[in-house]
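Engineer: A single structure is presented below for examination.
The values are calculated or read from the model by the stated rules, or taken from the named source; none is laboratory data. Just so it is clear, the structure is predicted and the values come from calculations on it, not from any experiment. Note that we place each Cβ from the backbone using ideal geometry, even for glycine, and neighbour counts take in every protein chain shown. Quick note on the areas: whole protein, heavy atoms, side chains included, nothing else; ligands and nucleic acids left out. Shrake-Rupley method; radii C 1.70, N 1.55, O 1.52, S 1.80 Å.
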Amino acid sequence: MAASDDNERRITTQSLPPSPPLRVPGKFPLRVLAFPMNNEDIVRWVDFHKLGREGLGNHMKFHVFYKNAGKYLPRHCARVTVNIGNRRGERWAVVVATNNSQESLDMAQDVEMIEGVRVELQLTEPPRWFRPT
């Protein structure tokens, strides 16, 4: 990837989606700021890190990803969730922040940390807010 391509994809304050209000049960639901990943993203990541034994089927690479992703990501965002409820074929997501507490909501503005997660996951898009299902 060319340096200019990487700079174009780099996460900035302007590229982050606006944060939702702090969660209030019954009034403002839980939201997660997450990097959605489709099957190909997960297989590519596992293959890049050479995790799992040779000849491991793609379906087993999801288990390898789930078990190992946290070793490569900042401690607080080592949460991986399934079923983020979208229609793009993205079933898995790495959560970098939530609106569950002010501390977690503040992490949604930590551009350096979020960019580091994007680079580690080898993704091109910024994270999005989801209501987990």
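Engineer: How large a share of the accessible area of the range 12-79, in percent, is made up of carbon and sulfur atoms when the probe is 1.4 Å and the other protein chains stay in place?
Structural biologist: 55
Engineer: Given points 7 Å out from each Cα along the Cα-Cβ axis, report the K71 to T133 separation in nanometres with one decimal.
Structural biologist: 3.3
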